[in-house]
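Please read the structure below before turning to the comments.
The values are calculated or read from the model by the stated rules, or taken from the named source; none is laboratory data. These numbers were taken from a predicted model, which means no experiment stands behind them. Reconstructed Cβ throughout: ideal geometry from the backbone, glycine too, with neighbour counts over all protein chains shown.
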Amino acid sequence: MKRGLLVVFILLLVPLAYAEEKVENFNGYDSVTINAFASSSIDVIKKGSSPLLAEMNAELFFVPFDTEQQDMLNIEINSNPKSVEAFDEEEVRYKWEETKADKLEFGYTARVRVDNTFPGVFSKIEFPIKNLDSGLIEYLKPGEKIVITNEISKKASEIIGNSKDLYEVVYKLAKWNNENIKYDLNSLTAKAVQDSQWVLDNREGVCDEMTNLFISMLRSQGVPARFISGLVYTNTLYDWGPHGWAEVYFPNVGWIPFDPTFGQYGYADIGHIKMKNSFDSIEPAIKYNWRSRDVDLEPAELDLKVSLLSKGNKVESPVSMELELLNKQVKFGSYVPLRVTLENTKGFYISPSIFITKGPGIEGDNLKSVLLEPNGKKDVYFILKVPQQDKGFTYNSNIEVEDVFGGKETTILEYGENFELYSLEAAEERVSRIEETGENGETSLVLFNCEAGANEYYEYEQGKFNCTLENDGSKKIENLEVCLGEDCKVLDLDVSEKNNLEFIKTGLSDSLYLVAKGSDFIKYSYPSFKLIKTPKVRIYDIKVTQPLRYDEIGNLTFLMSTDSTLFGAIIEVGKIGKLEVKEFEGTQQIILPFRAYQLKVGENEVEIKVKFKDKNGKEYENSEKFSVEIENVGFFKKFLIFFKRLFV
C-alpha cells in the first residue's frame, strides 16, 4: 500500500449561470442574498488485479464564511457516494473509506447575504507604520507570486511620493495599478499566474496578477496586505465569476478591501463574495490526500455557480455632487471644462469613482476617481467635446454624471454656430491653472470670491467686479496680490480680517477670472455673468423669382441670423417692401412677395438693409445686395400697369 499527497492548483473557470434580471451593479442596494453552488469530482481509475482506495480526503478551501460585510446564512454539504463531512468555518472536508466507486462527487450549496457597508477609517493614520503587531509580520514577506524586488520597491516609493497618510498611500498604489496595468487575458496569463515582477515589466495581467503587484508594492513599504479569492458580479456577462482582490491592514482599524482591477479603493461592493484569505495567490482551492493500491486519481475542476435570491432596499450615495460648466454657451467644435464638486457626507474616508453617462462627447477618460477625507470636498474635471451640427440651430445637451454608488447630477450645455469657440488647448490650460492650488484648491487659508456687478454685459461694455477676501488662517498675510488681467492690487490681511476690492475691465470675455497670490498659495475666482456678443446680423441664402415679366408677382426669400437678441429691427428691401420686428433672435427665413413693376425693366440691384438696436438702445445697421432681372412687356400692358399703380 502506498500513501500519496496531491496539491491541485484549480483554475476557477466558472460556467456562468443565467441571470434572469440584467443588473449593471448592486451598488444602489443595502444588501444582496445569493445561493453559491460548488461542485467537483474525482475519477477513480482502477488498475491491476486488486485495486483499492482505502481512504480519500478532499479539503475544499473555497467556501464563503462570515465577515464584517457578509453572513453565511446556511450551508448544505453534499457528496456521492456519501462521505464523512465536516465544516470548519473556512473549509469543508470530505472523507471516503474503503470505497469501490468509480467517481467521487462532492460540493455544497451556501446561502450568503452581503451587506453594503464601508469599513470605516475615521481619521488619519501615519505612514510609515510603526510598532506593527508580530502576528502581521507574515504579510510583509514575499511569496512565490507576490515577490518583492528592488524595482517594485523603487516604483512604489515613486508613486507614494511625500504622502504621510496611510489611506492616501494605499489609494495611490491601487489607483496606479488600475490605470497602468492593462487587463489582458493572453496566452501566458491564461495558463498560469505570473509573478509581480513580470507584471511590472510587461504592464499587463488579469485580476490575480494586478492584485499581486499591488500587494508586492504595499509589502515593500512595510504595509501588511493579503490576497482574497472569491466571486464577483460583473456587467460583462451579467453574472458572477472568479476574482481576486486585496485586503490591507490599517492599525487600530483592521483589514480594509481594495480592488485595483475594479477601481474600488477602501471598499468592495456587494457583488463581491469572499471565499478565501491567502498569503499568496498561488494557494490551492482544494487539497487531496489518500491511501490506495493500483488506483489512479483524476480530479476535475471546481465548478462554481451563483443564483441571485433577492436584493435589499435602495440606499443613497454617500457622496453629494455639484456640476458646473466653466463655459455655458459655446460654438460647435469647442472643448468645455466640466467641474464636478464631490463632497463626502460621511465621517470616514471614501474613494468614489465618477463617470459621464450623458453628454455631447468627452476628451480623455470618462472615468475618474478621487480620494475624499472624512467629510471632505474636492473638485474633479472632465473636458467635454462639442460636435459639429446643423448651423441653423442652437442645441441644448443634457450633461449627466453618475458616481459608482448610483448618485446622479445633471446640467445643461448650450451650443450653436453663433457662440464663441474654445479650443482644447484653452480648456486644458484653464483646468491646469485651477489645479495649481492642489487637487481641490483648498490648500490656502484665504477665502476669495469675486462677483460681477451685473448679470450680463455686452462685449463693448465696461464690467465691474467686486472681490471679497478673508484671512481665515492663524497668521497675518502680507503682500497679497489680487489681479484681473494686468490690473493688480496689493494688500495685507490680518487674522480674520475681511477686505473688498473693485475692478473695472473693458474687453470682456466669458473666460474672465481673477487671481489672488500669496507667498505659499494661489487662488482663482471666476465671476458668473452672461457675456452678450455685440449684435451682428448675417443676411444670406438670398433667392428671388427670376426672370420676372413686368406684370408678374415674385417672391424674395432670405435667411437672417444673429448671435444676440435684436430690438426694434427694421428690414427695408429697396422699393420692394419694409418689415418691422420688435425682437429678433436666432435664425429665421424672411419671405417678401413683390410686384415686378415696382422695379425697372432690365437688371436691378436691390439692397436689403437691416437697422436694429441692442438692449442698451445702441443702434446698428447691416446690408446685403442682390440682383433681379425684370423682362419687358407690351405697350398696352405697361399702360394698364401704369394706371393700376395710380390707385394702389
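Key figures for this structure:
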read-out: Test for Ser216: is it outside any helix (DSSP H, G or I) and touching a helix residue (DSSP H, G or I) at 6+ places or on another chain (Cβ under 9 Å); value: no
read-out: Some residue of region 332-340 being surrounded by fewer than 14 Cβ atoms within 10 Å (Cβ to Cβ) and assigned to a loop (DSSP other than H, G, I, E, B); value: no
read-out: One residue from Glu420, Glu414, Glu461, Glu470 being closer than 17 Å to Leu531 by Cβ, at pLDDT below 90, of a type outside the set (S, T, N, Q) and surrounded by 14 or more Cβ atoms within 10 Å (Cβ to Cβ); value: Glu420
read-out: Among the candidates Glu428, Glu456, residue that is surrounded by 14 or more Cβ atoms within 10 Å (Cβ to Cβ), modelled with pLDDT of 85 or more and within 30 Å of Gly361 (Cβ to Cβ); value: Glu428
read-out: Odd one out for Asp303 among (1) out of contact with any Ser or Thr (no Cβ under 7 Å at 6 or more places or on another chain); (2) farther than 23 Å from Val404 by Cα; value: (1)
read-out: Hits in region 531-553 - residues which are in contact with a Lys or Arg (Cβ under 8 Å, 6 or more places away or on another chain) and not in a loop (DSSP other than H, G, I, E, B); value: Ile532, Ile553
read-out: Selected residue [of a type outside the set (A, V, I, L, M, F, W, C), at pLDDT 90 or above and loosely packed, with under 14 Cβ neighbours inside 10 Å] from Glu91, Glu97; value: Glu97
read-out: Subset of region 517-532 [crowded, with 16+ Cβ neighbours inside 10 Å, of a type outside the set (Ser, Thr, Tyr) and closer than 18 Å to Gly463 by Cβ]; value: Pro527, Phe529, Leu531, Ile532
read-out: Leu309, sole failed condition from (1) within 30 Å of Gly120 (Cβ to Cβ); (2) part of a loop (DSSP other than H, G, I, E, B); value: (2)
read-out: Residue that is modelled with the highest pLDDT, among those in region 312-331 that are part of a strand (DSSP E or B) and polar (S, T, N, Q); value: Ser320
read-out: Evaluation of Leu480 against (1) more than 38 Å from the chain's Cα centre (by Cα); (2) more than 30 Å from Thr565 (Cβ to Cβ) (one fails), failing number; value: (1)
read-out: Single unsatisfied condition, Val253 versus (1) farther than 30 Å from Ser123 by Cβ; (2) of a type in the set (A, V, I, L, M); (3) outside the structural domain of Asp30 (by TED's automatic domain parsing); value: (1)
read-out: Residue tally, condition part of a strand (DSSP E or B) and of a type in the set (A, V, I, L, M), over region 371-406; value: 6
read-out: Residue match in region 103-115 (condition: farther than 22 Å from Ser307 by Cα and either of a type in the set (D, E, K, R) or in contact with an Asp or Glu (Cβ under 9 Å, 6 or more places away or on another chain) (or both)); value: yes
read-out: Test: Ile576 is touching a helix residue (DSSP H, G or I) at 6+ places or on another chain (Cβ under 9 Å), buried (at least 19 other Cβ atoms within 10 Å of the Cβ), at pLDDT below 90 and under 24 Å from Glu603 (Cβ atoms); value: yes
read-out: Condition broken by Leu231, with the remaining ones in (1) assigned to a strand (DSSP E or B); (2) surrounded by fewer than 23 Cβ atoms within 10 Å (Cβ to Cβ) satisfied; value: (2)
read-out: Long-range neighbours under 7 Å by Cβ, at least six apart or interchain, first residue in contact (Cβ under 8 Å) with a residue 24 or more places away in the chain within region 585-608, second among the aromatic types (Phe, Trp, Tyr) and exposed (fewer than 15 other Cβ atoms within 10 Å of the Cβ); value: none
